[in-house]
Structures are given as structure tokens and as C-alpha cells.
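Since the structure comes first, as C-alpha cells, the remarks are kept for the end.
The values are calculated or read from the model by the stated rules, or taken from the named source; none is laboratory data. Everything quoted here is computed from the prediction, not taken from an experiment. Please note: Cβ atoms are built from the backbone with ideal geometry, for glycine as well, and neighbour counts cover all protein chains shown. When the accessible area is computed, the model is the full protein with side chains, heavy atoms only, and any ligands, DNA or RNA have been set aside. Shrake-Rupley method; radii C 1.70, N 1.55, O 1.52, S 1.80 Å.
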Amino acid sequence: MNKFKIALFSFSLLVAFSCQQEKKADDISNLQSVKTTSGEMTTEEVSYDIDGKTFKSFVAYKGDEVKPVVMVLPEWWGVTDYVKNRAKQLAELGYFAMVVDYYGGGKTVDNPEQASKLAEPFYKIPINAKLIFDKAKAQLLKFPNANYDKISAIGYCFGGAQALNMARQEDELKGVVSFHGNLMTGIKPKNNDVKILVLNGEADTFVPQEEIAAFKKQMDSAKINYKFISYPGAVHSFTNPASTEIGKKYDMKVAYNKEADEKSWNEMKTFLQEIFK
């Protein structure tokens with residue numbers, strides 16, 4: 001059983017983490033779940049503590065057979081119905097999907113000011129995102145149908161940045177996919193075998209050309225196996241049908257793009273099939 005370290009970092013929006021080394025199985029000792037089965041689909045809200053603070057991640061799967069895992073990293077809005085539905089779509093494809101709760105309590109927010117405040121610490125101290133990710137990942141040991149040896153991550157916007165963050169740090173992942181996520185996370189990539197797929201909106205003003213160039217240079221220098229695709233005319237948050245109204249409400253350049261959404265999802269499906277061979 002592999003061991004991993006929980007580093008000590010403290011800032012205002014996160015609880016302090018105790019520095020310790022423990023077996024992964026120990027991480028699930030306080031796990032609780034609320035299970036719902038509809039037809040062949042099972043969904044569960046999985047609760048666990050991190051130094052006294054409760055986190056509520058969400059899993060979706062079909063059947064009891066062992067299946068590859070896709071960790072789903074949400075937009076900065078939190079564990080919303082949108083990202084839960086993405087997990088259900090992945091379950092329909094035959095994967096065990098888990099949406100990671102970054103804020104605690106399964107918290108969601110509905111305005112960019114609140115979202116920015118909650119997401120900002122993970123950009124300032126990016127290793128904290130890995131601590132949250134590792135704790136959520138450890139809950140998979142509770143599920144005999146989740147293949148702990150075949151894990152990937154996909155993410156949207158903030159979650160896309162965190163997927164790339166994990167690829168730079170997490171040797172055990174088979175691959176990650178970023179949908180319209182920020183590219184530079186403050187962590188230098190290891191020269192590892194984690195494959196990366198970046199699905200970007202060509203007109204995304206939140207991911208400027210300078211950032212794209214810096215990302216590609218960083219990946220090339222570290223000899224990382226990555227693929228970068230830009231969709232013409234697509235702006236930030238192009239996969240979320242609710243983003244157009246959000247853009248209008250808050251005067252943000254975000255909007256849904258059906259063609260880019262469908263094409264990027266198909267790219268992800270092919271990518272997952274390849275990394276899990």
C-alpha cells in the first residue's frame with residue numbers, strides 16, 4: 001500500500017492540514033455516503049473529514065464490475081448540478097466518476113465574486129489543491145468497483161487548471177483533460193508519463209496567447225506527452241449551457257458553444273479510451 005504525506009499549509013479559507021504519513025486505507029475511516037439508485041445508475045454523496053472540516057464529493061457509476069476512474073474537477077462554482085451531470089455522463093460511458101469537493105460541504109456559489117474568493121487560495125498555494133484531490137481519491141478505496149490502478153482526471157475552467165496542476169504533480173494518473181482551463185498553475189511539471197489533453201476556446205480571453213505559448217514551452221521543455229486543441233470562435237466556459245446567461249448577467253465573456261462542446265467531449269472520449277487500454 002503506497003504512503004503519501006499530508007503537508008501543513010494554512011490560509012484563511014482552508015483549514016490547516018496536519019503533517020503526517022499514513023496508509024491510503026486510513027483515509028477512508030470516517031467515510032459516510034448517501035446512495036441513490038435509479039435504474040442501473042448509482043449516485044452517492046461521499047462525506048469525509050479533513051482536519052475537522054467535512055467535504056462532500058459525488059460519485060456516479062453503473063454496475064458492480066471494476067471500471068476505470070475519472071475524477072471530475074468542477075468549475076469555480078463548486079459541486080453544481082452541471083458537473084454532477086458530467087459525472088453521470090461518464091458513468092454512462094462505463095467509468096466510475098467522482099466529482100471532487102474543493103470548498104467543503106459540497107458548497108456551491110452563484111456569483112463570480114464569491115467564486116473568486118474561494119478559488120484564489122488554490123492558485124496562490126497550488127499544492128493545497130493536491131491535498132484536497134488526494135483525500136478525495138483515497139475514498140475510492142471504499143468502492144470495490146473503482147479501479148485504483150486506472151485513474152484519470154478531467155476539469156472545467158478552475159477544474160481544468162487543477163487537472164493540469166495534478167498532472168504536474170501526480171505520477172499515478174494515466175492522463176488528464178482540461179476543458180477551457182487556465183494553463184499555468186505555479187507548479188513546474190515533472191518529467192513523467194501522465195498524458196495531457198487541453199481543449200481550449202480559441203477566443204477565450206481568460207486564456208491569452210501569451211499563456212498558451214508559455215504552457216507549450218513548459219510542456220515541450222519537460223518532454224510531456226500533450227495534445228492542445230483550440231476551437232474557433234469558442235470563448236471561456238464553452239461546454240456549460242448555462243454560461244451564456246451567466247455572461248450576460250455578470251458582463252463576462254463566457255458563452256456556450258454547442259459545436260465546441262460536442263467536439264471536445266468526443267476528443268475526451270477517445271483520449272480516455274486510449275489511456276485506459
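Conditions tested, residue by residue: (1) open to solvent by less than 20 Å² (accessible area, probe 1.4 Å); (2) within 18 Å of W265 (Cβ to Cβ).
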position	(1), (2)
G155	yes, yes
G159	yes, yes
F179	yes, yes
V194	yes, no
K227	no, yes
N240	yes, yes
Residues of the stretch 242-269 being part of a loop (DSSP other than H, G, I, E, B) and touching a residue at least 24 places away in the same chain (Cβ under 8 Å), in sequence order, are A242, M252, K253, N257
Taking interchain pairs and intrachain pairs at least six residues apart, which have beta carbon atoms under 6 angstrom, with the first residue in the stretch 40-53 and in contact (Cβ under 8 Å) with a residue 60 or more places away in the chain and the second open to solvent by 70 Å² or more (accessible area, probe 1.4 Å) and outside any strand (DSSP E or B)? Y48/N30
Step by step: first the residues of the stretch 91-120, then only those that are open to solvent by 30 Å² or more (accessible area, probe 1.4 Å) and part of a loop (DSSP other than H, G, I, E, B), then the one that is nearest to K135 (Cα to Cα). Which residue is that? G105
With (1) touching a residue at least 40 places away in the same chain (Cβ under 8 Å); (2) within 22 Å of K137 (Cβ to Cβ) as the list, and K277 as the residue in question, which single condition is left unmet? (1)
Return the only residue of L141, L164 being under 24 Å from V66 (Cα atoms) and either of a type outside the set (A, V, I, L, M, F, W, C) or part of a helix (DSSP H, G or I) (or both). L141
Taking the stretch 47-69 as the search range and keeping residues that are touching an Asp or Glu at 6+ places or on another chain (Cβ under 7 Å) and open to solvent by less than 50 Å² (accessible area, probe 1.4 Å), which one is farthest from K88 (Cα to Cα)? F55
Hey, among L173, L183, which residue is within 19 Å of S57 (Cβ to Cβ), without any contact (Cβ under 8 Å) to a residue 40 or more places away in the chain and part of a loop (DSSP other than H, G, I, E, B)? L173
What pairs come out if I take residues in the stretch 125-146 that are touching a residue at least 12 places away in the same chain (Cβ under 8 Å) and surrounded by fewer than 19 Cβ atoms within 10 Å (Cβ to Cβ) and pair them with residues that are β-branched (V, I, T) and assigned to a helix (DSSP H, G or I) whose C-beta lies under 9 Å away, six or more apart or interchain? L141/I28; K142/I28
Condition first: over 25 Å from A87 (Cβ atoms) and more than 21 Å from the chain's Cα centre (by Cα). Now tell me which residues in the stretch 228-251 satisfy that. P232, G233, K248, K249, Y250, D251
